[in-house]
Amino acid sequence: MNLIIQGTEIESRDLRQLAKLAGASRIEQITHEAFRLCEAQARGGVAEYCENAQLDFAFVPENLKLADFGLLAMDMDSTLIAIECIDELADMRGIKAEVSQITASSVRGEIEFADSVRRRVALLAGLNESALQKVYDERLRLSSGAERMLAGLKAAGVKTLLITSGFTFFAERLKKRLDLDYTCSNTLEIVNVKLSGNVAEKIIDANTKAIKVEEIRKQLGLTREQVIALGDGANDLKMMAQAGVSIAYRAQPVVRRQTTYTINHVGLDGVTNLFA
């Protein structure tokens, strides 16, 4: 195995200690935030050391490369982008705290996700549709390292699927802006230039995400082992179960416990560094 260590500040002494703990034969630099400890063994002490040093770690098969995959499926809000779009829309009605509380509860898996979408969207009834563009222009920002991750995926020939319980208005603009291959998202119903408080079609929930990932995988002629799934919330777990590799990005504990790898301290380019 290779032990991949990532962090915003990695000290030489940390690398030496981790190499000793894992019995690694040598240390190779990938980027200024990522190092490969070669011929490592998954021994005790590595996780605890990395937690204390605020480092991300992953034991990755040494011959596994990014080009071995064919599809990366990713969540949008708080994953590809650094905001929750629905919370920012709610802020324009002065109800961000109320909506954010529902969002947080659903991400933790405490309430049924489709119901949480209905409840939050209902609170937006009457908001002018111009608020969507305002959020996109003024508040939406990509997560750190997103563009580097996407460039790496494209160079390796890996297709990208943005699959979200968020909204088509944002997903389709991101698809065009970032040259993504596929999107799947919820559509807000608009009546007389105002949000009606309803979703126009069937809500994209955890089951829908899983079905869509399997559908695209089969369409591309890929095995499950050739799929990476990336997300942050409980609503992503069924999608992640459809992938050979699942990655929790700055995620809730319920997600981190059930994924292959976890990224807490570096940006999304940490995904591609795992398989460099």
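Table for the structure above
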quantity	calculated
Count of segment 188-199 residues which are in a loop (DSSP other than H, G, I, E, B) and either at pLDDT below 95 or not β-branched (Val, Ile, Thr) (or both)	1
Considering residues of segment 200-210 that are outside any loop (DSSP other than H, G, I, E, B) and aliphatic (A, V, I, L, M) only, the residue nearest to Ser130 (Cα to Cα)	Ala206
Candidates Gln17, Gln54, Gln29, filtered to the one that is out of contact with any strand residue (DSSP E or B) (no Cβ under 7 Å at 6 or more places or on another chain) and within 20 Å of Thr272 (Cα to Cα)	Gln54
Residue that is surrounded by the fewest Cβ atoms within 10 Å (Cβ to Cβ) [pool: residues in segment 3-14 that are β-branched (Val, Ile, Thr) and not in a loop (DSSP other than H, G, I, E, B)]	Ile4
Selected residue [within 23 Å of Ser246 (Cβ to Cβ), out of contact with any Ser or Thr (no Cβ under 8 Å at 6 or more places or on another chain) and hydroxyl-bearing (Ser, Thr, Tyr)] from Thr8, Thr103, Thr79, Thr31	Thr31
Whichever residue in segment 43-83 is touching a residue at least 40 places away in the same chain (Cβ under 8 Å) and of a type in the set (D, E, K, R) and, among such residues, is farthest from Thr8 (Cα to Cα)	Asp68
Residues satisfying the stated conditions in segment 95-149, i.e. without any contact (Cβ under 8 Å) to a residue 12 or more places away in the chain, closer than 21 Å to Pro253 by Cβ and not β-branched (Val, Ile, Thr)	Gln101, Ala104, Ser105, Glu110, Glu112
Scan of segment 93-108 for residues that are surrounded by fewer than 17 Cβ atoms within 10 Å (Cβ to Cβ) and closer than 16 Å to Asn235 by Cβ, ordered by number	Ala104, Ser105, Arg108
Where Lys238 falls short, out of the listed (1) touching a helix residue (DSSP H, G or I) at 6+ places or on another chain (Cβ under 6 Å); (2) in a strand (DSSP E or B)	(2)
Residue list for segment 247-266, restricted to those being assigned to a loop (DSSP other than H, G, I, E, B) and under 14 Å from Met74 (Cα atoms)	Arg250, Ala251, Thr259
Residue selected from segment 158-176 under the condition assigned to a strand (DSSP E or B) and of a type in the set (A, V, I, L, M), by the criterion surrounded by the fewest Cβ atoms within 10 Å (Cβ to Cβ)	Leu161
Test: residue in segment 211-219 that is touching a strand residue (DSSP E or B) at 6+ places or on another chain (Cβ under 8 Å) and either in a loop (DSSP other than H, G, I, E, B) or over 30 Å from Phe59 (Cα atoms) (or both)	no
Within segment 15-120, strands (runs of 3 or more DSSP E) holding 2 or more residues that are under 23 Å from Ile4 (Cβ atoms), within 22 Å of the chain's Cα centre (by Cα) and among the aliphatic types (A, V, I, L, M)	56-60, 71-74
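The values are calculated or read from the model by the stated rules, or taken from the named source; none is laboratory data. Keep in mind that what you see is a predicted model, and the values were worked out from it rather than measured. Cβ atoms come from the backbone with ideal geometry, glycine included; neighbour counts cover every protein chain shown.
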